[in-house]
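Below you'll find the structure, written out as structure tokens, and then a few comments.
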Amino acid sequence: MFASRTNWNLQPNRFAKALEEHRRSGKPLFDLTNSNPTTCGFSYPEERLFTALRDPRALRYEPESQGLRQAREAIADYYRGRPGFFSAQAHVDPSRIVLTSSTSEAYNYVFRLLCDVGDEVLVPAPSYPLFEYLADLADIRPVPYPLIYDQGWQIDSAPLFAALSSRSKAIMVVHPNNPTGSFVKRQEAEKLAEICARRNLAVIADEVFLDYADGADPPCTFASDSSALTFTLSGLSKISLLPQMKLGWIVVSGPDELVDAAMQRLDVIGDTYLSPSAPVQLALGEMLGMRGDLQLQMRQRLCSNLKVLDALLQQSSVDRLKREGGWYAVLRVPARGSDEDVAIELLQNCDVLVHPGHFFDFPRDGFVIVSLIAHEAELQEGVRRLHDFFNSA
């Protein structure tokens, strides 16, 4: 009766069963996986937000396939003055922006635009597991290419190029990567653009964590004048800590002829769905304007939790891998069976919840991932228990 594209194994795995059992037990839980900013104690400008959502123009339905012009202009303002990989400063034309209800929907737009059934998109590994499901729903195949760690993460070029085939349609990058926190380097971006332009492929750049770099210098964006057709994805979820507002976007850049053709087709796709809500589109400029204080709170939390994490892991058998941004930390832990085994042991014996590395497609065991945006006290106690667990062994 059901489509093969949804024929996933929906049985809970051992880790999910252990978590459900733990929750039923009523025991305390130190959740080091929480990445939902709305539950992590940040202070939101409530009155400013509610006032923005009360725009009376929202009572009138005036659909636009790419999204309301004023919302697209607000997004263009967000990029203004940022350094680009392929130009000194990014210049984003509002007419080359498409609004979606989320970055997940943005991926679906781009996959449907570029790919026929059975086509392939190259995806970094490690990376977020959502991509496999999005690819299944678009009837395409995600082909992993490796990120390697050597005093920092980098794209392993030889396997990436070897993975390209006649069915390849795009190369995906996550900038910075989730969970490694690694940014694409300029020479890597230039090489990707060169190979994509030569082979008539597109670049899909996920920049939802772009604003959270550890360094003082702002990172480059892919939303600039590349030689390859490029789709840059982002949204309110991370920029303004507003995942519940459900607004993302696609910025299309590259050679004019390809951009124009892509925009014509995206216009039809957008007109088919018309998914972003009018109140949020009308409030977008104000919501983006709120990001300064919210991002400051987030950076203070990240910095504080990183200091706590590193202090507790001193003289420990657990090693935090180098990161450059984002909301996560990757911990290399002593081998005690599979990552799933380790995560279950931590849960059952220490009441600590972490992500096992295989959740993010790490190539081997020995990694767990923790969120750096959890409440400081919860992270401190959870990491202390994690430290004691591995050191006592």
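Restricting attention to the range 135-157, report how many residues are under 15 Å from L192 (Cβ atoms) and charged (D, E, K, R).
1
Give all pairs with beta carbons closer than 7 Å in which a residue from the range 375-391 that is closer than 18 Å to P37 by Cβ meets a residue that is assigned to a helix (DSSP H, G or I) and open to solvent by less than 50 Å² (accessible area, probe 1.4 Å); count only pairs at least 6 apart in sequence or on separate chains.
E376/S304; E376/N305; E376/V308; L379/N305; L379/V308
Only one of these is modelled with pLDDT of 95 or more and over 30 Å from R141 (Cβ atoms): E62, E20. Name it. Talk me through it step by step, then tell me what you get.
On the way: E62 fails: modelled with pLDDT of 95 or more.
Of E62, E20, the one residue that is modelled with pLDDT of 95 or more and over 30 Å from R141 (Cβ atoms) is E20.
Please specify each residue of the range 124-139 satisfying the condition of being assigned to a loop (DSSP other than H, G, I, E, B), out of contact with any strand residue (DSSP E or B) (no Cβ under 6 Å at 6 or more places or on another chain) and not charged (D, E, K, R).
To start, the set of residues in the range 124-139 that are assigned to a loop (DSSP other than H, G, I, E, B) comprises 126-129, 138-139.
Then keep just the ones that are out of contact with any strand residue (DSSP E or B) (no Cβ under 6 Å at 6 or more places or on another chain); that gives 126, 128-129, 138-139.
Listed by number, the residues that qualify are P126, Y128, P129, A138.
Please specify each residue of the range 90-128 satisfying the condition of being over 20 Å from P243 (Cα atoms) and without any contact (Cβ under 8 Å) to a residue 60 or more places away in the chain.
Selection gives D93, P94, F111, C115, D116, V117, G118, D119, E120, L122, V123, P124.
Can D93 be described as of a type in the set (D, E), open to solvent by 40 Å² or more (accessible area, probe 1.4 Å) and over 20 Å from G254 (Cβ atoms)? Spell out the reasoning first.
Numbers: of a type in the set (D, E): yes; open to solvent by 40 Å² or more (accessible area, probe 1.4 Å): yes; over 20 Å from G254 (Cβ atoms): no.
It is false that D93 is of a type in the set (D, E), open to solvent by 40 Å² or more (accessible area, probe 1.4 Å) and over 20 Å from G254 (Cβ atoms).
From the residues in the range 96-113 that are among the polar types (S, T, N, Q) and under 17 Å from I239 (Cα atoms), which one is least open to solvent (accessible area, probe 1.4 Å)?
If we take residues in the range 96-113 being among the polar types (S, T, N, Q) and under 17 Å from I239 (Cα atoms), then T100 is least open to solvent (accessible area, probe 1.4 Å).
Looking only at the range 342-349, decide whether some residue is polar (S, T, N, Q) and either open to solvent by less than 20 Å² (accessible area, probe 1.4 Å) or part of a strand (DSSP E or B) (or both).
No.
Hey, can you tell me all the residues within the range 128-161 that are open to solvent by less than 30 Å² (accessible area, probe 1.4 Å), closer than 18 Å to I204 by Cβ and modelled with pLDDT under 95? Show your work before the answer.
Within the range 128-161, the subset open to solvent by less than 30 Å² (accessible area, probe 1.4 Å) is 131, 134-135, 138, 140, 143, 145, 147, 152-153, 155, 160.
Keeping just the survivors that are closer than 18 Å to I204 by Cβ gives 131, 134-135, 138, 140, 143, 145, 147, 155, 160.
Across the range 128-161, the qualifying residue is only F131.
What is the residue count in the range 182-220 for residues that are open to solvent by 30 Å² or more (accessible area, probe 1.4 Å) and touching a Pro at 6+ places or on another chain (Cβ under 7 Å)?
The total comes to 1.
Restricting attention to the range 1-49, which residues are in contact (Cβ under 8 Å) with a residue 60 or more places away in the chain, within 23 Å of E378 (Cα to Cα) and open to solvent by 70 Å² or more (accessible area, probe 1.4 Å)? Don't jump to the end; show me each part of the working.
Looking only at the range 1-49, we keep the residues that are in contact (Cβ under 8 Å) with a residue 60 or more places away in the chain, and these are 5-6, 8, 13-15, 18-19, 22, 27-38, 40-45, 48-49.
If we keep only those that are within 23 Å of E378 (Cα to Cα) too, we end up with 15, 18-19, 22, 27-38, 40-44.
Listed by number, the residues that qualify are K27, P28, S43.
Give the range 247-276 a look and list any residue that's in contact (Cβ under 8 Å) with a residue 60 or more places away in the chain and of a type in the set (S, T, N, Q), or say none. It would help to see each step written out before you state the result.
Restricting attention to the range 247-276, the residues satisfying the condition of being in contact (Cβ under 8 Å) with a residue 60 or more places away in the chain are 247-253, 259, 262-263, 265-271, 273-276.
Selection gives S253, S275.
Might you let me know whether the range 162-181 holds any residue that is modelled with pLDDT of 95 or more, surrounded by fewer than 17 Cβ atoms within 10 Å (Cβ to Cβ), of a type outside the set (S, T, Y) and not in a loop (DSSP other than H, G, I, E, B)?
First pass over the range 162-181, keeping only residues modelled with pLDDT of 95 or more: 162-181.
Those still in the list that are surrounded by fewer than 17 Cβ atoms within 10 Å (Cβ to Cβ) too: 162-163, 165-167.
Cutting the leftovers down to of a type outside the set (S, T, Y) gives us 162-163, 167.
Now restrict to residues that are not in a loop (DSSP other than H, G, I, E, B): 162-163.
Yes; the residues of the range 162-181 include at least one that is modelled with pLDDT of 95 or more, surrounded by fewer than 17 Cβ atoms within 10 Å (Cβ to Cβ), of a type outside the set (S, T, Y) and not in a loop (DSSP other than H, G, I, E, B).
The values are calculated or read from the model by the stated rules, or taken from the named source; none is laboratory data. What you see is a predicted model, and the numbers here were worked out from it, not measured in a lab. All Cβ positions, even for glycine, are placed from backbone atoms using ideal geometry, and neighbour counts span all protein chains on display. Just so you know, the surface numbers come from the protein's heavy atoms only, side chains and all, with ligands and any DNA or RNA stripped out. Shrake-Rupley method; radii C 1.70, N 1.55, O 1.52, S 1.80 Å.
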